[in-house]
Amino acid sequence: MSDNPQTGPERRLQLLLDAHPELMDIPLRAERILNENTRFAIKSAKLYRLADEMKAMLEASVTCRPGCSHCCHMPTMIYQHEAAAMAAAAKCQARKLGCRPAPVALHAALAFLGQACPFLVDGRCAIYAQRPLICRLHNSLNDDPHDCFIPATGKRTPIHAVDADFVEAPYHQAVLIWRPREPWGAIQEFFPTAA
């Protein structure tokens, strides 16, 4: 018997890596996409496909399930081009935001802590096929999906996850390089009246 038994999340991660060793190639693949000599729209589409591929690898291991929507109550940051795609899918208008430094945008997003995403309808995403990149990448290997619940204090159980930055960091870098003045903000800032 081992002196250091794995916890549920550690065990799930090990099983996930055993089943999908190619998961460890995702950061390199994302970096290659970032360095391709192509337009931003092509890079973005490829990073979205890579995020969906990563999600498919994680699906059997994560505690996230349809109807679990705690992550939909987190301040979720998106770019103006993501808001435009979401607006087209929902047949509504996205508010235009001004360009501002990331710390300012993140501070403004704290006002939405615990507030549901305006596209969350009956515990499900109304624009799931057009959800932003970060929503595609969020995952939890915790034993209980309720660990993602954020109480009013903002303090919650630590979430064990496969790092979303595998794909998200190169995506942010691409935006900063090819669209440096692209507005960034919480979903609720772009869609204050969508719900």
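The values are calculated or read from the model by the stated rules, or taken from the named source; none is laboratory data. Owing to the predicted nature of the structure, the values given are computational and were not obtained by experimental measurement. Reconstructed Cβ throughout: ideal geometry from the backbone, glycine too, with neighbour counts over all protein chains shown.
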Unmet criterion (only one of (1) within 24 Å of L47 (Cβ to Cβ); (2) out of contact with any strand residue (DSSP E or B) (no Cβ under 9 Å at 6 or more places or on another chain); (3) surrounded by 13 or more Cβ atoms within 10 Å (Cβ to Cβ)) for F149: (1)
When the residues of segment 155-176 are narrowed to those that are β-branched (V, I, T) and either in a helix (DSSP H, G or I) or in contact (Cβ under 8 Å) with a residue 40 or more places away in the chain (or both), which ends up farthest from S140 (Cα to Cα)? V175
Check N37 against each of (1) modelled with pLDDT of 95 or more; (2) buried (at least 20 other Cβ atoms within 10 Å of the Cβ) and name the one condition it does not meet. (2)
So in segment 18-42, with the set limited to residues that are touching a helix residue (DSSP H, G or I) at 6+ places or on another chain (Cβ under 7 Å) and of a type in the set (V, I, T), which one is farthest from F166 (Cα to Cα)? I33
Those residues of segment 170-195 which are hydrophobic (A, V, I, L, M, F, W, C), over 17 Å from A105 (Cβ atoms) and under 17 Å from the mean Cα position of the chain (by Cα) amount to A174
